[in-house]
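The values are calculated or read from the model by the stated rules, or taken from the named source; none is laboratory data. All figures in this text were calculated on a predicted structure; none of them were measured in a lab. So basically every Cβ, Gly included, is an ideal-geometry build from the backbone, and we count neighbours across all protein chains shown. The protein model used for the area step is the full one, side chains on, heavy atoms only, and it has no ligands, DNA or RNA in it. Shrake-Rupley method; radii C 1.70, N 1.55, O 1.52, S 1.80 Å.
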Amino acid sequence: MEFGFSEEQLELRGTIRSFARDELNKDLVEREQKSIFPRENWQKCADLGIQGLPFPVELGGGGADIVTTTLAMEALGYGCKDGGLLFGIAAQLWSVQMPIWEFGSEAQQTRYLPRLCSGELIGAHAMTEPDSGSDAFSLRTTAEKKADRYVLNGVKTFVTNGSAADVFLAFASIDRSKKFMGLSAFLVERGTPGFRVEGEIGKMGLQTCPMVELVFEDCEVPAENRLGVDGRGAAIFQSSMEWERSFILAACVGAMERQLNGCVEYAKQRRQYGKPIIKFQSVANKIVDMKVRMEAARLLLYKTAWLKSNDEPATAESAIAKLYLSESWVQSCLDAVQLYGGYGYTTEFEIERDLRDSIATRLYSGTSEIQRNIIARCLEG
Amino acid sequence: MDIESELKTYLTQLAVDAAQDSIEPEDDLIGQGVIDSVGLIKLVEFVEQQFGIKLDDEEIVPENFQSLRCLSEFVRRKKGAG
């Protein structure tokens, strides 16, 4: 059993932490209040190679293994305080690029992956519909085969990166009688006739990451844009969700460490009743709980990364990691606000933003309740 | 135990609806909800481990998983081809 990282991995972590701290946080309070998508910072991340990390060099990627990629995402979360940007990048990486790599034809991989890695294109994943969230496979969007095209009709919602995206991985039913095995996946490019992006969805946190609805009205998609064979949509979705469950919160582990370090420093400097507040057990215990949660979250994250690196099944492990990381992140954010007292509630101290962002981690990529369902199903044998 | 019997035993355990205590060869596994999307992942893992075969992505389609009979015949073909 090996818990350490190589020199190269640690060097990469250091580089990304510094980059993220120095380059990605400028004017964040203002940008967050105005819900501005940081296109320039997205490009900076791509220039550093973040979006391409786990993909083959010949497809514009960095050729990194999954453990190294996870470490890089954690480092990004340590340095970058922009939860919306972190979420948007991770969503593209795991739920758009990864399915294209795993299920795409050579032509699809060549067409999209290099440009998604380089930042030229932004990708979005479109599964959820107004009437199908956790029950994802009851979706109503249809795809009717007509000669060399599919005609898509339906509405998607909660589409991350939506208004900034250029290419959308959309799921539709080709045969409702076949239920989840009657789904197919399609790569739909912005500008395709019959396809439009609707208004921004206001939300509690992750303000710099746009979220929209998509409308397909007799939208004709060339057959060569179908990802995988007909009927494999559910498997593609499941696979992409396993990647998401596993790693979309890697950045949160980095953020937990950043937040913990900040809390320790604050509690050492802040004095009440003549001594630093860290000397009060009620404060110290809170910090210890944050530390324990962070360490446990990190172990679960890297166990899953190790499994995925070795092409091992990780259905339960990914759900356990997602469940624990999200719940831990929310609790640690609550603890941090409490520790900072009134200052924790202010925008200036940038603690309340973490809390608002953290709430979404219990919802996206499968709610905590769905993660528990997955774990329970795995326990059944 | 032959292929169909082994699959039937596993599918009976896997059935989403616990009331489904008997699976007939022509039962629609998907339409009747015997297997859902998570169940399909587990079924694929079971088939690969139990019968020592590797399923390609293109093979995990309704035609091969629609019924116990379809699945048994598919496994038999794969084993024969291996």
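Summary of values
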quantity: Angle in degrees between helix A:250-269 and the longest Cα principal axis of chain A, rounded to the nearest 10; calculated: 20
quantity: Local electrostatic count, A:GLU369, Cβ distance below 15 Å [Lys/Arg +1, Asp/Glu -1]; calculated: +3
quantity: Sparse-neighbour loop sites [GluC sites (Glu not before Pro); segment A:1-83; at most 15 other C-beta within 10 Å; DSSP]; calculated: A:GLU2
quantity: Those residues of segment B:44-82 for which accessible area with every protein chain present is at least 40 Å² below the isolated value (1.4 Å probe); calculated: B:ASP57, B:ILE60, B:PRO62
quantity: At least 10 Å² accessible surface lost relative to isolated chain, residues of segment A:168-185 (1.4 Å probe); calculated: A:SER177, A:LYS178, A:LYS179, A:PHE180, A:MET181
quantity: Radius ratio Rg over Rh of the protein assembly as shown, counting only Cα atoms, Kirkwood formula for Rh; calculated: 1.00
quantity: Tail fraction, Cα-Cα pairs, segment A:39-142, threshold 23 Å, whole percent; calculated: 31
quantity: In Å², nearest 10: area of A:GLU257 left accessible to a 1.4 Å probe; calculated: 40
quantity: Solvent-accessible area, 1.4 Å probe, carbon plus sulfur percent, for chain B; calculated: 47
quantity: For the protein assembly as shown: accessible area per residue (Å², 1.4 Å); calculated: 43
quantity: Given charges at Cβ of Lys, Arg, Asp, Glu: the protein assembly as shown dipole, positive-most of B:GLY33, A:ILE351, A:CYS252; calculated: A:ILE351
quantity: Sulfur and carbon atoms: percent of accessible area, segment A:147-255 [1.4 Å]; calculated: 50
quantity: Cβ neighbours within 10 Å from other chains - mean over A:230-239; calculated: 3
quantity: B/A buried area, accessible surface, summed, 1.4 Å probe, Å²; calculated: 1700
quantity: Acute angle (nearest 10 degrees) that the helix B:68-81 long axis makes with the longest principal axis of chain B, alpha-carbon atoms; calculated: 10
quantity: Within segment A:117-168, percent of DSSP bridges classed antiparallel, to nearest 5; calculated: 75
